Amino acid sequence: MRAMSLHAGPLEQDATLPDGKVVHVRVGIADDGYVADRKIDTVILELSNDNEHLAAVTTILDADQTTEALHLIRRVVEGLESGELAPTAHAIEPLADTLF
């Protein structure tokens, strides 16, 4: 049985902010058009909406830490939806540097 990895695909979830706007949250392998995905273990946390990229930060996770990535995305979505977190790199960076 093969271990799960973010190389198989990113974790993605939408968060509805208190003002009704929707932010797409993605935790996955950094996209690099010059290097094959399987050779990259850098995991990033990204926020976007329909019109623009809002934030991206590098996490301390590696590609095989899918359980931790799931905890991270849940925590970010909860924080955005409660209004505790703003959809900015400054707000999400401390979470990206933490293991849950």
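Miscellaneous remarks
- Projected label distance in nm at N49 and S82, using a 7 Å step from Cα toward the beta-carbon: 2.2
- Remark: the D31-H90 segment gains 19.1 nm on full extension, using 0.36 nm per residue and subtracting the alpha carbon distance.
- Look at the dipole of the chain built from charges on Cβ: of A56, P87, L6, the Cα furthest out on the positive end belongs to L6.
- Counting other Cβ atoms within 10 Å as a rough exposure proxy, the listed residues I40, I60 run I60, I40 from fewest neighbours to most.
- Full-extension gain in nm, T67 to I40, via 0.36 nm per residue minus C-alpha separation: 7.9 nm
- Placing +1 on the Cβ of every Lys and Arg and -1 on the Cβ of every Asp and Glu, with nothing else charged, gives the chain a dipole about its Cα centre of roughly 260 debye.
Just so you know, all these numbers are worked out from the coordinates, no wet-lab data involved. All values derive from a computational prediction rather than experimental measurement. Glycine also receives a Cβ, built like all others from the backbone with ideal geometry; neighbour counts cover every protein chain displayed.
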